[in-house]
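A quick write-up on the structure given underneath.
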Amino acid sequence: MAFDGIVIANLVWELSEQLIDGRINKIYQPEDDALVLTVKNNKNNYRLLLSASPSLPLAYITEDTGTNPMVAPNFCMLLRKHISGGRILSITQPDMERIIRFEIEHLNEMGDLCTKYLIVELMGKHSNIIFCHPDGKIIDSIKHIPFHVSSVREVLPGRSYFIPNTLEKINPLTIDYPAFEEKVLSKPLAVGKALYTSLTGLSPLIGNEICHRASIDAGMSTSGLSESEKLHLFGVFSRLMDDIRTHEFAPVIVYQGREPIEFSAVSLTCYSDHEMKAFESISDVLRIYYAEKNASTRIRQKSHDLRHVVSTALDRSRKKYDLQLKQLKDTQKRDKYKVYGELINTYGYGLEDGAKSLTCLNYYTNEDITIPLDPQLTPQENAKKYFDRYGKLKRTFEALSQLTEETHEEMEHLDSVSTALDLAQTEGDLAQIKEELIQAGYIKRHSGGKNAKKQKLTSKPLHYISSDGYHMYVGKNNLQNEELTFKFANGGDWWFHAKGLPGSHVIVKTEGDELPDRTFEEAARLAAYYSKNRSSEKVEIDYIQRKHVKKPNAGKPGFVIYHTNYSMMIEPNIDDIKES
């Protein structure tokens with residue numbers, strides 16, 4: 001994600017269209033490093049979020065009111081004193097920096113018109129919101145930066161405000177070709193890196209995008225560019241800058257599956273193989289992107305404890321399984337001891353006392369065999385010793401065969417739970433997975449178990465509509481898979497699942513019809529996407545009518561057996577499938 005100078009340029013233009021000449025009605029400070037300004041303009045109320053969070057600096061129009069502290073912080077009170085009721089005269093971006101400057105006109109205590117500047121710096125961990133006089137004297141800031149924190153610039157009341165130019169970057173809107181060639185393409189760097197390290201407001205994403213539009217490898221060294229390639233690169237770069245000057249923005253969010261992975265204020269041709277959703281407003285892009293990203297992050301954080309339980313149990317099961325396989329391999333020689341005992345009983349009558357071995361014909365293979373003997377024992381005692389060893393290994397084999405099968409089923413179950421955690425989208429999904437782990441004995445049920453069960457009921461399978469109008473349902477975990485397959489689906493409905501992999505059961509309701517091929521393919525793509533191998537190019541999918549799918553006795557939730565199924569190889573791509 002790139003909250004770069006181009007996104008800021010789009011945002012400044014959009015805010016200018018909506019907020020200039022507007023009056024600041026209310027000022028809130030919901031977080032230590034964030035402000036919300038309510039601006040009334042053209043009979044509309046706009047809520048402007050300004051955040052100087054080091055991890056997530058933001059600025060956009062929002063509809064969320066948020067929660068505000070009972071007592072306003074000092075910085076909020078100062079702003080209310082000076083600019084509450086003030087009129088926004090201009091919103092600008094200096095030299096493509098990640099900075100938004102609000103010029104605000106207000107009345108002072110004497111009733112005279114005054115101007116102040118509210119400067120929002122969106123620069124990662126250096127982000128800040130600074131309130132200044134017109135001459136640049138800092139009145140206050142949301143974060144105080146003394147000299148011992150930054151030797152480059154102090155941000156304290158009474159100090160002069162300036163923009164540090166430590167990297168000596170060039171404004172991309174004013175650069176010409178000779179300067180571009182000298183200042184950018186002369187650097188001994190990859191072309192993409194030379195662009196974003198030399199020009200203000202350009203991010204690595206935009207550097208790659210410019211190279212992609214120019215059909216130049218972003219990782220190629222600048223020294224490898226021919227003169228014509230340099231001219232072509234500058235031409236592509238200049239056209240992009242022309243779009244910014246004329247406000248020809250194209251806000252987009254790039255998705256990988258259902259998860260947003262990137263956004264920009266310009267079209268991203270370098271992500272042409274991904275789903276790209278266009279928006280009218282950059283504020284909508286920022287609001288939706290971070291809401292969806294935060295939801296995904298929050299679910300990942302909340303699933304941490306469950307993942308730890310599953311990971312620990314899975315590691316323990318794998319170690320146990322490896323040990324059982326090793327012990328099982330040791331029992332493979334059990335039949336040899338049985339044959340030894342039989343041959344000693346058959347040929348041992350002619351042995352001398354104290355013999356250390358017996359060489360005889362093995363009538364099972366028609367080959368001679370030498371059998372080690374204990375000279376302290378009689379032939380009958382040697383035979384009994386081998387029969388006892390055979391019996392012990394046989395009993396071990398029978399017990400281990402059962403245990404190994406159970407351990408393997410446990411590993412498959414835990415692997416499916418791990419996949420379900422990857423597919424979880426809501427807290428209800430996590431509650432359902434936790435309930436499954438409780439039922440399986442991996443987690444102890446506490447007093448909140450009843451509440452967890454109630455929450456589980458709110459989590460429903462995913463619902464899609466095929467291009468031909470058929471309803472397709474996707475289980476997000478084993479309990480949902482069990483419910484879908486054995487309680488919801490009818491015998492004539494079709495069942496889909498990734499072959500030999502943890503993943504979702506997909507049910508297509510036929511309503512007695514014969515399904516079109518396109519619906520079969522779309523259901524298979526759902527099963528591929530909601531499986532452990534969703535990142536593979538293709539996944540093999542088994543599909544069969546529901547009436548042929550059976551649940552094994554004492555099987556884990558969601559585990560089934562079936563025969564005579566159909567199969568297809570399909571891409572795990574669901575971008576064009578309509579979710580209900």
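The values are calculated or read from the model by the stated rules, or taken from the named source; none is laboratory data. Values in this document were obtained by computation on a predicted structure and should not be read as measured data. Using ideal geometry, Cβ is built from the backbone for each residue, glycine included, and neighbour counts are taken over all protein chains shown. Remember, those area values only see protein heavy atoms, side chains included, never the ligands or the DNA or RNA. Shrake-Rupley method; radii C 1.70, N 1.55, O 1.52, S 1.80 Å.
Scanning segment 563-580 for residues that are without any contact (Cβ under 8 Å) to a residue 40 or more places away in the chain and either part of a strand (DSSP E or B) or surrounded by 13 or more Cβ atoms within 10 Å (Cβ to Cβ) (or both) gives Asn565, Tyr566, Met569.
For segment 83-110, what are the residues that are of a type in the set (Val, Ile, Thr) and open to solvent by less than 20 Å² (accessible area, probe 1.4 Å)?
Of the residues in segment 83-110, the ones of a type in the set (Val, Ile, Thr) are 83, 88, 91-92, 99-100, 104.
Within segment 83-110, Ile83, Ile88, Ile91, Ile99, Ile100, Ile104 qualify.
When segment 337-355 is filtered for residues that are open to solvent by 90 Å² or more (accessible area, probe 1.4 Å) and assigned to a helix (DSSP H, G or I), the ones remaining, listed by number, are Asn345, Tyr349.
For segment 419-432, taking the residues that are in a helix (DSSP H, G or I) and open to solvent by 40 Å² or more (accessible area, probe 1.4 Å), the one that is farthest from Ala528 (Cα to Cα) is identified as Glu427. For segment 269-289, a residue qualifies if it is open to solvent by 50 Å² or more (accessible area, probe 1.4 Å), under 17 Å from the mean Cα position of the chain (by Cα) and in contact (Cβ under 8 Å) with a residue 60 or more places away in the chain, and exactly one does: Glu275. The sole residue among Phe486, Phe496 that is among the aromatic types (Phe, Trp, Tyr), on the phi < 0 side of the Ramachandran plot and part of a helix (DSSP H, G or I) is Phe486. Taking the listed residues Pro69, Pro57, Pro30, the one that is open to solvent by 40 Å² or more (accessible area, probe 1.4 Å), more than 20 Å from Ile138 (Cα to Cα) and not β-branched (Val, Ile, Thr) is Pro69, with no other qualifying.
Here Glu522 passes the criteria (1) part of a helix (DSSP H, G or I); (2) under 16 Å from Lys551 (Cα atoms); (3) of a type outside the set (Phe, Trp, Tyr) except the one numbered (2).
The single residue among Leu358, Leu393 that is crowded, with 16+ Cβ neighbours inside 10 Å and assigned to a strand (DSSP E or B) turns out to be Leu358. Within segment 93-111, the set of residues being at negative phi and part of a loop (DSSP other than H, G, I, E, B) comprises Gln93, Glu97, Arg98, Asn108, Glu109, Met110. Looking across segment 212-239, the residues that are touching a strand residue (DSSP E or B) at 6+ places or on another chain (Cβ under 9 Å), closer than 21 Å to Tyr271 by Cα and either in a helix (DSSP H, G or I) or open to solvent by 40 Å² or more (accessible area, probe 1.4 Å) (or both) come down to Asp217, Gly219, Met220, Phe237. Tallying residues that are open to solvent by less than 10 Å² (accessible area, probe 1.4 Å) and within 35 Å of the chain's Cα centre (by Cα) within segment 3-26 yields 8. Residues in segment 502-547 that are open to solvent by less than 10 Å² (accessible area, probe 1.4 Å), farther than 16 Å from Gln256 by Cα and in contact with a helix residue (DSSP H, G or I) (Cβ under 7 Å, 6 or more places away or on another chain): 7 in all.
Among residues belonging to segment 295-326 that are open to solvent by less than 70 Å² (accessible area, probe 1.4 Å) and at pLDDT below 90, point out the one that is farthest from Ser418 (Cα to Cα). That would be Ala295. Would you be able to say whether some residue in segment 37-49 is under 21 Å from Ser127 (Cβ atoms) and open to solvent by 10 Å² or more (accessible area, probe 1.4 Å)? Checked against the condition, which is being under 21 Å from Ser127 (Cβ atoms) and open to solvent by 10 Å² or more (accessible area, probe 1.4 Å), segment 37-49 yields at least one hit. Of all the listed residues (Val310, Val266), the sole one being under 19 Å from the mean Cα position of the chain (by Cα), of a type in the set (A, V, I, L, M) and either within 20 Å of Ala2 (Cβ to Cβ) or assigned to a helix (DSSP H, G or I) (or both) is Val310.
Limited to segment 156-211, what total is found for residues that are under 25 Å from Ser264 (Cα atoms) and either free of Cβ contacts under 8 Å to residues at least 60 places away in the same chain or not in a helix (DSSP H, G or I) (or both)? Show your work before the answer.
We begin by selecting, within segment 156-211, every residue under 25 Å from Ser264 (Cα atoms); these are 163, 165, 167-176, 180, 184-185, 189-211.
Now narrow it down to the ones that are either free of Cβ contacts under 8 Å to residues at least 60 places away in the same chain or not in a helix (DSSP H, G or I) (or both): 163, 165, 167-176, 180, 184-185, 189-203, 207, 210-211.
The number of residues fulfilling the criteria is 33.
Being more than 38 Å from the chain's Cα centre (by Cα) and open to solvent by less than 40 Å² (accessible area, probe 1.4 Å) is a property that Leu156 has.
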